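The values are calculated or read from the model by the stated rules, or taken from the named source; none is laboratory data. All figures in this text were calculated on a predicted structure; none of them were measured in a lab. No Cβ is skipped: glycine too gets one built from the backbone with ideal geometry, and neighbour counts run over all protein chains shown. Side chains are part of the model used for accessible areas, which takes the heavy atoms of the whole protein and leaves out ligands, DNA and RNA. Shrake-Rupley method; radii C 1.70, N 1.55, O 1.52, S 1.80 Å.
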Amino acid sequence: MRIRNLNVEIEFIADNIVRVLYYYGREVIVDNSLVVLPNLEKLGIKGESTSPSIISFASKSLSVDIKTSNGELIIKDNKGGIVVKEKRRDLKFNEELSTYNVDQEFELSEGERLYGLGQHAGGNGLGQSSAYKLDYNGLSVTLSQRNTDIGIPFIISSKGYGILWDNYSLGSISLKGNELRVWFEAGKKIDYYVIFGDSIDDVIKGYRKLTGDAPLLPKWAYGYWQSKERYKSQDELVSVVKEFRERKIPLDVIVLDWRYWGKYGWNAFKFDEIDFPRPKGMVEEIHKMGAKLAISIWPTFGKETEVFKDMESKGCIIPGTTAFNPFKEECRELFWSYVKRFYDIGIDAYWLDASEPETGLGLVFFSPIHDVDLGIGKGYEYLNAYPLMETKAVYEGQRRISDKRVAILTRSAFAGQQRHSAISWSGDVLGDWATLRSQIPAGLNFSISGIPYWTTDTGGFFSGNPETKAYAEIFVRWFQWSTFCPILRVHGTNFPKEPWRFPKEYQDVILKYIRLRYELLPYIYSLAWMTYSNSYTIMRPLVMDFRNDKNVYDLDEQYMFGPYIMVSPVTLPSIKEKEIYLPSDEYWYDFWTGEKLEGGRTTNVKVSLGTIPLFVRSGAVLPLLGKDGSNAMEDWDVLHLRIYPGKDGYFEIYDDDGVTYDYERGKYFIIPIRWDDNKQELTIGKKRGDLEMRKRIMITWVEKGKGIGYSKPDVEVEYDGKESTTVKRH
């Protein structure tokens, strides 16, 4: 059928997911999306004329009404409420590009808020901004990949829907009042998916149905990552791990940044023997100390390197740059063949730096690729998808040859990248208070964009001197926040930032939070399982959990870490208290003291250097590690359950071998735990899954005076998973 001068197709992928496709000629459309999974089943719903000027398509959850009189397209829920109203659309031919510009206008509801679109901290391109916002009301966002900016064409509404545009060109999203304007530079079609849900979690689940699940990372990836620009030799790298162990500071990952290639040239996939004489031995030594190694890899190569010459001879260098072309399958395979050199000596994770990509021309990302032929089309049609295709090369390469889990750290991202075991970090940001403040809404919007794993250069990439109290305070506050990010990682230039570099009072706080991170690992790893198995989001804007409380819609400095812990980082120096909003219809427990507070109000919370405002919602069943450890891979044979009365609660503790994909084949265990607030009974159910286990479980019912530092449990039980156990609170 046609609307005005465009053909239109309506396809239901599920009752709550509908694809809207406009085009001039079907012959010019290639239906092989880089983002959306192939061979998705469709419901086969046909359109019907419901009036002389309206054609309707309806599933159990949604209806699509196309008004042939004025060209409007309206999507409604099954109660008749308007979900999406597309006022107009146009494909405007661009003679210079020999393709079309995409232009759309949507009408939003009064009070509606929009989130997502990737990571946009604003400011000067180094992540620094003195203006920050969670929702995009009144803003325009450019969807373009660059250092500190990540463009993802997926938007989430506070009304409980999302729109995913299947377009890889530079875009612009502008929201003024109730008008949403959408523009993309290039496209032979307008192609978008509307996903509706009872909750925003349902919307994210629909997005992952379209674009792929997020696999579990290795368990060690959820521990502490130590990095700097740069460890200059094998001896220095190994000595840092040794010092962590000697000081009994938990550590899981040490990171080797650039220039290890030395005389062999930029990104040569070789170690210069002067500084790294025994790479395989270096990796083995790090492994013996219970740590893992991540290594920096770039998409560009020195022209003098064997890699560049090989890539160029096979048509795998993008013309006018020194970057490889991941849009060609043979080039992705060639790139992996070089990355595999690191896999073969036991390196555990790949840091794909500058994946926007940098092009060999400094911090210039857009123009060098814009006009070149990438093999599947022109650069301007595909340039935003570069990080998706680079991570695809590495993820699929390792999965073809190994059952060892993939772990990728990368500076950019695109829709669908969660299926490649990719962690994004926010780029080379500045180490100051304004940047710390702006990173919080940037990270929350990235997380609600459907990609669950995100982190920052804790303390800023361009950081201050850790020996000064002024910078040490910034670092401590940033570190406290990072403890409650999906990945905890320290990195930066100019000064090393290992914990012992800081004055003792600050060092003590850093160590406190490293240990807290490891105490939280059973909770965090269970959230990771929920992310894989149920399309969960770990780092959550409050609108995800409290949509009925409109007071949270614009809160950009508070968020949920999983279902239970509300986090509010301290982002100003020298303050002694901070105003916090406690969402309604809940009781909230102060994480540190155990004091119970009623929700639906603001409260002033006292803070010290060692604390930030943390609250746990009533009904929480919070699993913690009940013993000290040096890394995430040690046996979690002692657990500490902290129960927060006031509501019924349910949580499932998850564990597996932590390193393979056996979990895809059922080799894991799940411990179901239910709190009945009326009966004041805790039931630890029979385990599910194929793995055997035995645990000593300590249980504490939280009340005032029993905050996180309270270590004497109310009761202990021995548990092997074979039978359920019920414990009564006395």
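For the reader, a short list of remarks on this structure follows.
- Some residue of region 537-546 being outside any strand (DSSP E or B), more than 30 Å from Gly705 (Cα to Cα), of a type in the set (D, E, K, R) and modelled with pLDDT of 95 or more: no
- Filter pass, Asp344 being in contact (Cβ under 8 Å) with a residue 24 or more places away in the chain and among the acidic types (Asp, Glu): no
- Each residue in region 50-65 was checked for being more than 22 Å from Ser157 (Cα to Cα) and in a strand (DSSP E or B), and 6 of them qualify.
- Residue within region 466-473 that is in contact (Cβ under 8 Å) with a residue 24 or more places away in the chain, open to solvent by less than 10 Å² (accessible area, probe 1.4 Å) and closer than 25 Å to Trp258 by Cα present: yes
- Residue match in region 614-621 (condition: open to solvent by less than 50 Å² (accessible area, probe 1.4 Å), assigned to a loop (DSSP other than H, G, I, E, B), over 17 Å from Ser526 (Cα atoms) and of a type in the set (A, V, I, L, M)): no
- Filtering region 622-671 to residues that are over 26 Å from Lys704 (Cβ atoms), aromatic (Phe, Trp, Tyr) and open to solvent by 20 Å² or more (accessible area, probe 1.4 Å) leaves only Tyr668.
- Single residue of Thr593, Thr571 found to be open to solvent by 20 Å² or more (accessible area, probe 1.4 Å), of a type outside the set (Asp, Glu) and part of a loop (DSSP other than H, G, I, E, B): Thr593
- For region 401-423, a tally of residues being part of a loop (DSSP other than H, G, I, E, B), of a type in the set (A, V, I, L, M, F, W, C) and within 20 Å of Pro357 (Cα to Cα) returns 4.
- Residue that is farthest from Ile195 (Cα to Cα) [pool: residues in region 148-168 that are in a loop (DSSP other than H, G, I, E, B) and open to solvent by less than 10 Å² (accessible area, probe 1.4 Å)]: Thr148
- Applying the set (1) surrounded by fewer than 19 Cβ atoms within 10 Å (Cβ to Cβ); (2) assigned to a strand (DSSP E or B) to Lys686 leaves exactly one unmet item: (2).
- Of the residues in region 448-465, none is at pLDDT 95 or above, surrounded by fewer than 24 Cβ atoms within 10 Å (Cβ to Cβ) and in a helix (DSSP H, G or I).
- In region 426-442, residue farthest from Arg489 (Cα to Cα) [restricted to those that are outside any loop (DSSP other than H, G, I, E, B) and among the small types (Gly, Ala, Ser)]: Ala434
- Considering (1) surrounded by fewer than 16 Cβ atoms within 10 Å (Cβ to Cβ); (2) touching a Cys at 6+ places or on another chain (Cβ under 8 Å), the lone condition that Glu306 does not fulfil carries the number (2).
- In region 490-523, the residues that are under 15 Å from Phe462 (Cα atoms) and either among the polar types (S, T, N, Q) or surrounded by 23 or more Cβ atoms within 10 Å (Cβ to Cβ) (or both): Val490, His491, Gly492, Thr493, Asn494, Lys497
- Exactly one residue out of Glu356, Glu396 is within 18 Å of Phe335 (Cα to Cα) and crowded, with 24+ Cβ neighbours inside 10 Å: that is Glu356.
- Residue within region 35-46 that is exposed (fewer than 11 other Cβ atoms within 10 Å of the Cβ), in a strand (DSSP E or B), at pLDDT below 95 and not charged (D, E, K, R) present: no
- Among the conditions (1) aromatic (Phe, Trp, Tyr); (2) more than 17 Å from Tyr395 (Cα to Cα); (3) buried (at least 22 other Cβ atoms within 10 Å of the Cβ), Phe366 misses just one, which is (3).
- Leading residue by the ranking (nearest to Ile13 (Cα to Cα)) among those in region 170-182 that are more than 22 Å from the chain's Cα centre (by Cα) and crowded, with 19+ Cβ neighbours inside 10 Å: Val182
- Within region 574-590, if we keep just the residues that are open to solvent by less than 60 Å² (accessible area, probe 1.4 Å) and part of a loop (DSSP other than H, G, I, E, B), the residue that is nearest to Pro613 (Cα to Cα) turns out to be Ile575.
- Taking region 251-260 as the range and being in a loop (DSSP other than H, G, I, E, B), open to solvent by less than 10 Å² (accessible area, probe 1.4 Å) and closer than 24 Å to Phe335 by Cα as the test, the residues that pass are Asp257, Tyr260.
- From the list Thr700, Thr603, the lone residue that is open to solvent by 10 Å² or more (accessible area, probe 1.4 Å), farther than 30 Å from Arg399 by Cα and hydroxyl-bearing (Ser, Thr, Tyr) is Thr603.
- Residues considered: Tyr207, Tyr231. Of these, the only one that is in contact (Cβ under 8 Å) with a residue 24 or more places away in the chain, outside any loop (DSSP other than H, G, I, E, B) and under 28 Å from Gly658 (Cα atoms) is Tyr207.
- Unmet criterion (only one of (1) surrounded by fewer than 22 Cβ atoms within 10 Å (Cβ to Cβ); (2) part of a loop (DSSP other than H, G, I, E, B); (3) of a type outside the set (Gly, Ala, Ser)) for Tyr532: (2)
- When residues of region 272-301 are limited to those that are more than 31 Å from the chain's Cα centre (by Cα) and assigned to a loop (DSSP other than H, G, I, E, B), the one surrounded by the fewest Cβ atoms within 10 Å (Cβ to Cβ): Ile274
- Tally, over region 558-568, of residues that are outside any strand (DSSP E or B) and under 20 Å from Lys133 (Cβ atoms): 2
- Cross-chain or 6+ apart pairs with Cβ under 7 Å, region 1-27 first and exposed (fewer than 15 other Cβ atoms within 10 Å of the Cβ), then among the aliphatic types (A, V, I, L, M) and modelled with pLDDT of 95 or more: Met1/Val8; Met1/Ile55; Arg2/Val8
- Some residue of region 372-388 being open to solvent by 40 Å² or more (accessible area, probe 1.4 Å), touching a helix residue (DSSP H, G or I) at 6+ places or on another chain (Cβ under 7 Å), in a loop (DSSP other than H, G, I, E, B) and without any contact (Cβ under 8 Å) to a residue 24 or more places away in the chain: no
- Scanning region 67-89 for residues that are assigned to a strand (DSSP E or B), open to solvent by less than 40 Å² (accessible area, probe 1.4 Å) and not basic (Lys, Arg) yields Leu73, Ile74, Ile75, Asp77, Val83, Val84, Glu86.
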